[in-house]
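Just so it is clear, none of the values below were taken in a lab; they were calculated from the coordinates. In this text the structure is predicted, and so the values were computed from the model without any measurement. Every residue, glycine as well, gets a Cβ built from its backbone with ideal geometry; the counts of neighbours run over all protein chains shown.
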Amino acid sequence: MALPSGVLTAKPGLVKPQKLDLSPKPRRMVWPTARPDAEVRSSGISRESLKTTIDNIGKTPRLIFDSADSTSYVGSGQEFNSIGTSADSFDLGNTSGASSDDPTFVGIADAYDDGTYFSFDGGDNFQDEGGLETWMNGCHKSTAGVWTVCMLMLYEPGARQGLWSWNANGTGADRVGGSFIIETVSTTPTYAGKVQIWVGKSTGETDVFYQIVDDGFLDTEPMMLASVCDNGGSSTSFFYKNGEYLTVDGGNDTYSASYNSHTANSVNPMCIGCLSRAGYGNYGHLTNGSKFYSGFFDDTAWTKAELDLIWARVGGWLLASS
């Protein structure tokens with residue numbers, strides 16, 4: 001006997017035939033991408049400790065700091081601890097006591113989201129509790145001269161801002177060292193508003209080497225900002241932001257760093273969020289409203305491909321932050 005239209009024969013194990021649903025299905029609308037960075041915003045993973053991210057790609061930088069990782073910062077107190085291979089401790093501010101130059105912790109320890117960070121008010125910084133270690137001093141010397149610095153942050157434009165530094169314009173001794181900086185001094189207009197590195201000796205903070213990006217001003221935005229400086233390397237040095245090169249010297253992606261003979265130690269402590277100046281007070285602080293999520297520093301030259309692996313894991317949550 002023929003079955004009525006729309007009825008299927010019973011599947012094995014079923015007691016009775018099933019009715020076929022012939023009703024029209026709603027159509028799923030796919031909207032076009034609203035923003036050019038939407039793919040990146042939806043990619044990557046939720047925030048995790050920067051150490052976990054870096055461990056995942058098999059790298060071992062000297063210093064790693066993460067505002068959300070309680071191993072790095074417990075949520076209170078004055079110590080911001082490196083969770084890299086070098087177990088250095090940085091103070092909030094310039095001393096171990098609470099003061100007006102301390103960045104403000106926002107959020108909850110081990111809360112891995114964009115609501116956990118350090119906030120800056122235009123006069124704050126982190127400072128290494130001890131003097132420069134041997135490997136730190138090697139970064140600005142012609143006998144080594146290799147370093148990679150990376151910061152996950154919300155950037156706010158402003159005047160001269162030291163991002164990560166052990167070099168400043170004080171006395172001759174203060175000028176020895178290196179800096180990752182955004183310079184806006186009017187007397188040097190070619191520097192204005194641009195990301196750069198300085199390597200200084202006794203006569204000036206840039207008298208050994210400096211390099212400036214050609215990409216102009218940075219807008220207020222969350223970013224993974226990095227610099228690789230490889231003394232003596234053939235076009236292995238570069239600047240980096242959010243998965244792309246920041247070009248230098250007429251549009252080149254990379255450059256060759258070449259230090260003059262330079263073997264002097266620096267007297268400046270290493271600082272995050274300012275230019276470091278021993279005996280004269282730090283200056284050139286991150287602008288009011290800036291946020292520091294995490295960052296790392298190493299005495300090896302990372303490649304863009306390695307930084308891209310970090311970006312692939314942090315880009316989604318970082319670009320979605322505000």
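Observations on the model:
- Ranking GLY122, ALA109, SER86 by how far each Cα lies toward the positive end of the dipole of the range 76-184 (charges on Cβ) leaves SER86 at the top.
- FRET efficiency for the SER235 to SER70 pair, using the beta carbon distance and R₀ = 45 Å, is estimated at 0.65.
- Relative contact order, percent, the range 58-134 [alpha-carbon distance under 8 Å, six or more residues apart]: 29
- The gain in end-to-end length when the THR263 to ASP121 segment is fully stretched comes to 47.6 nm, 0.36 nm per residue minus the alpha carbon separation.
- Order of SER179, SER89, SER76, SER119 under a 10 Å beta carbon neighbour criterion, fewest first: SER76, SER89, SER119, SER179
- Phi angles of the range 146-162 translate, via the Karplus equation with coefficients 6.51, -1.76, 1.60 and θ = phi - 60°, into HN-Hα couplings of 10, 7, 10, 10, 9, 9, 9, 7, 9, 8, 10, x, x, 6, 3, 10, x Hz per residue; Gly and Pro are given as x.
- Packing-based ranking, highest mean first, of 204-211, 215-222 given that Cβ atoms within 10 Å are counted: 204-211, 215-222
- As a rough footprinting exposure proxy, the listed residues SER202, SER266, SER86, SER234 were ranked by other beta carbons within 10 Å of their own, and the order from fewest upward is SER234, SER202, SER86, SER266.
- Taking the Cα centre of the range 161-269 as origin and assigning +1 to Lys and Arg Cβ atoms and -1 to Asp and Glu Cβ atoms, the resulting dipole is close to 340 debye.
- Counting charges near GLY170 (Lys, Arg +1; Asp, Glu -1) among other residues having Cβ under 12 Å from its Cβ returns a value of 0.
- Phi to ³J(HN,Hα) by Karplus 6.51 cos²θ - 1.76 cosθ + 1.60 over the range 272-283, Hz, x for Gly, Pro: 10, x, 6, 8, 7, 9, 5, x, 10, x, 5, 8
- Here the residues SER261, SER82, ranked from fewest to most Cβ neighbours within 10 Å of their Cβ, fall in the order SER261, SER82.
- The range 48-199 - charge dipole about Cα centre, Lys and Arg +1 at Cβ, Asp and Glu -1, debye rounded to 20: 800
- Sequence-distant residues sharing a close amide H with THR184 (under 5 Å, placed H): ARG160, GLN161, GLY193
- Put a dot 7 Å past the Cα of THR300, heading toward its Cβ, do the same for ASP253, and the two dots end up 2.2 nm apart.
- Pairwise centroid distance, computed over Cα atoms, of the range 288-322 with the range 68-143, Å: 16
- A simple spin-label model places the labels of SER86 and SER322 3.8 nm from each other, with each point 7 Å out along Cα-to-Cβ.
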